[in-house]
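Notes follow the structure.
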Amino acid sequence: MKVMRRLEALVADALVALVRRLPHGVTEMCGTTLGRLCWALDRRHRQVATDNVRLALPNLSDAERRVLVRRAFEHFGRLLCGMLEFSGLSPNAMLDRVEIEGAERVRTAHALGKGILFVTGHFGCWEIQALAHAVRFPPMAVLARPLDDPVLHDLLEGMRTRTGNSVIYRQGSLRRVLRALAAGQGVGVLIDQHVLGRDGVYVDFFGRPAATTTAVATLALRTGAPIIPLFALPLGRGRYRLVYEDPVPVPPEDAPDRVRELTKRCTRVVEMYVRRRPELWLWMHRRWR
């Protein structure tokens, strides 16, 4: 087992080194090709994506639905290769590749001294945004689930922490998140996946109830940390627009079920971006169950 893992690690390191040496145009072409292959071969996730698009965007024709699903697969192929490429750049080169919208919102939120809850979804280029964020702003802690494969887990963690961010894994995460916020640090949370049990609440997403994490709303109401939605949009040729939205307004203290209402407000912002650029969202996940 150790020999196989070592071999897997060597292959992964060689692949990363190769991608980082390729011209960007070739890297992007490889990513698109990878996405098309996955779309053609991965029947199960292609069907999940098709079913999700049918539920969320019922006005699309069969042909439009098919094109959207294929483009989503292509985007995630490019995202994978782009992440490998971007994480190998120097900090200055990273900043040269991005334009930032809403930087003053981040600075204003940091000045409050209560930390920041950055919320987004599996949309656009969220991993690349986290990398560039830590070059322009104070690093954040990223809330994540550990990967099952230890080699891929270590590879991804190394990329995520490349510019100074830290990763908080879900087991025992609450205490670490509270410490990070108390220290004035930002914490990044993805809120667009199905959540089981007491950790989730059903709110509408594309007009259908979807089990959504209550962690962001609960933490914001407990600590006073502002919630800033953030999104990274690909501009082509290896460039990205990083958007920081206005803080999500907190329901008044006398409002009923404040956690659910605040979760709903965060989800609305994610839905707004997915509606604008649906090909950039992870339709392959069973969001509605």
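With contributions of -39500 (n - 2.57) from each DSSP H run of at least four residues, the per-residue ellipticity at 222 nm computed over the chain stands at -17000 deg cm²/dmol.
3J(HN,Hα) couplings calculated from phi for region 253-259 with the Karplus curve 6.51 cos²θ - 1.76 cosθ + 1.60 (θ = phi - 60°) are, in sequence order, 4, 8, 6, x, 6, 4, 5 Hz; Gly and Pro show x. Taking N as the residue count of region 135-210, its C-alpha radius of gyration divided by 2.2 N^0.38 Å amounts to 1.28. Here region 118-250 yields Rg over Rh of 0.95, to two decimals, using C-alpha coordinates and the Kirkwood radius. The convex hull drawn around the Cα atoms of region 208-289, when projected onto a plane and averaged over every direction, covers 6.7 nm². Can you work out D for the chain in µm² s⁻¹ from Stokes-Einstein, where Rh is the Kirkwood radius over C-alpha pairs, the temperature is 4 °C and the viscosity is 1.567 mPa s? Reported coefficient: 65 µm²/s. Computed from label points 7 Å out along Cα-Cβ, the spacing between residue 60 and residue 13 is 4.1 nm. Here is the list for region 237-289: GluC sites (Glu not before Pro) lying in DSSP coil, each with at most 14 other C-beta atoms within 10 angstrom of its C-beta, are 253.
Beta bridges from DSSP with both residues in the chain: antiparallel share about 40 percent, rounded to the nearest 5. The phi-based Karplus calculation (6.51 cos²θ - 1.76 cosθ + 1.60; θ = phi - 60°) puts the 3J(HN,Hα) values of region 144-158 at 8, 9, x, 6, 5, 7, x, 5, 5, 4, 5, 5, 5, 5, x Hz, whole numbers, x for Gly and Pro. Taking only protein heavy atoms and a 1.4 Å probe, the accessible area of region 122-185 is 52% carbon and sulfur.
Take region 72-169 with all the other protein chains still there, run a 1.4 Å probe, and you get 38 Å² of accessible area per residue.
The values are calculated or read from the model by the stated rules, or taken from the named source; none is laboratory data. Source: prediction; values computed, not measured. A quick note on method: Cβ atoms are made from the backbone with ideal geometry, for glycine too, and the neighbour counts reach across all protein chains shown. Ligands, DNA and RNA are stripped out before the accessible areas are found, and what is left, the full protein with its side chains, is counted by its heavy atoms. Shrake-Rupley method; radii C 1.70, N 1.55, O 1.52, S 1.80 Å.
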